[in-house]
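Visitor: Below: one structure in structure tokens.
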Amino acid sequence: MWIFGYGSLIWNPSFSYQDYRLARLDNWVRRFWQGSTDHRGVPGYPGRVVTLISEPAGHCWGVAYKCGESGSQQVIEKLDYREKGGYHRESVTLNFIDGSTIEGLVYVAGPDNSDYLGPASEADIVTQILSAQGPSGSNRDYLNKLANSLRNLSVTDPHVFSIETKVQSEINAEISIR
Ligand code: SIN
């Protein structure tokens with residue numbers, strides 16, 4: 001069984017795996033469009049975390065983890081609980097750099113879940129990320145960890161990196177006022 005991580009599962013898979021590889025998912029893009037009320041925000045003050053949005057010709061790079069068949073049910077149960085804030089499992093085809101493909105599972109938070117926030121201006125996303133905090137830590141920490149993990153994988157994601165730059169500008173501006 002292969003599981004594809006494109007958000008927090010990149011830096012914190014929290015399950016044991018036999019192997020991992022950089023992988024690409026075609027026709028999907030990563031967006032900060034999912035509200036988080038159980039990890040990076042709280043009910044009434046949700047944070048913004050990433051989900052996958054269907055986009056023909058788009059793609060999303062992430063990490064594919066290979067899990068042994070014996071422990072796969074336990075892994076799914078653990079991830080179903082962790083991703084319960086609006087995410088459901090989907091079967092997808094994962095592409096590796098060498099051109100090979102494999103079937104895998106991915107957690108997607110679609111527009112029909114109650115925590116879904118959808119598109120917003122980058123300025124609004126930045127404001128929300130700077131103020132949100134939840135049981136798993138600050139929303140800013142989620143953004144930093146995601147951006148750093150993508151850089152470590154040599155993956156470029158204009159959406160994530162643009163928001164990271166704007167968040168840092170806001171913080172710098174705040175510091176210079178003080
Ligand atoms: C994922 O990482 O694959 C799902 C989204 C998240 O937990 O951030």
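Visitor: What does the helix-only formula give at 222 nm for the chain: each DSSP H stretch with n ≥ 4 adding -39500 (n - 2.57), the total divided by the residues, and the result rounded to the nearest 500 deg cm²/dmol? Each step should come with its number before you reach the end.
Guide: On the way: 5 runs with 59 residues, N = 178.
Only helices count here, giving -10000 deg cm²/dmol.
Visitor: Efficiency by 1/(1 + (r/R0)^6): what FRET value for N148 and S70, r their Cβ-Cβ distance, R0 = 45 Å, to the nearest 0.05? Present the calculation step by step, with values, prior to reporting the outcome.
Guide: Details: r = 33 Å, r/R0 = 0.73.
Approximately 0.85, to the nearest 0.05.
Visitor: I'd like the FRET efficiency for I97 and D141, computed as 1/(1 + (r/R0)^6) with the beta carbon distance as r and R0 of 25 Å, rounded to 0.05. The partial results should precede the final answer.
Guide: Numbers: r = 29 Å, r/R0 = 1.17.
My answer for the efficiency is 0.30.
Visitor: Per residue, how large is the accessible surface of the chain? Use a 1.4 angstrom probe and give square angstrom.
Guide: Numbers: 8960 Å² over 178 residues.
Roughly 50 Å² per residue, with all protein chains present.
Visitor: Share of the chain's accessible area from carbon and sulfur, percent, 1.4 Å?
Guide: Answer for the chain: carbon and sulfur cover 51 percent of the accessible area.
Visitor: Choose one answer from E164, E90, E122: the residue with the largest mean-square fluctuation in a GNM of the chain with alpha-carbon springs under 10 Å.
Guide: E90
Visitor: Within segment 120-138, list the residues whose amide N lies under 17 Å from a label point set 7 Å along Cα→Cβ of H159.
Guide: 120-129
Visitor: Hey, another quick one. Enter the per residue convex hull volume of segment 1-118, computed from alpha-carbon coordinates, in Å³ rounded to the nearest integer. Walk me through the numbers before you get to the answer.
Guide: Numbers: hull volume 11.1 nm³, N = 118.
So the per-residue hull volume is 94 Å³.
Visitor: What is the dipole size for segment 110-153, taken about its Cα centre, with +1 at each Lys and Arg Cβ and -1 at each Asp and Glu Cβ, in debye to the nearest 20? Could the numbers behind the result be given before it?
Guide: On the way: 3 positive and 5 negative charges, 58 e Å.
Dipole of segment 110-153, to the nearest 20 debye: 280 debye.
Visitor: Taking the alpha-carbon centroid of each part, what is the distance from segment 22-81 to segment 103-142 in angstrom?
Guide: 11 Å
The values are calculated or read from the model by the stated rules, or taken from the named source; none is laboratory data. Since the structure is predicted, the reported quantities are computational estimates derived from the model, not experimental observations. Using ideal geometry, Cβ is built from the backbone for each residue, glycine included, and neighbour counts are taken over all protein chains shown. These accessible areas exclude ligands, DNA and RNA; they are computed on the full protein's heavy atoms, side chains included. Shrake-Rupley method; radii C 1.70, N 1.55, O 1.52, S 1.80 Å.
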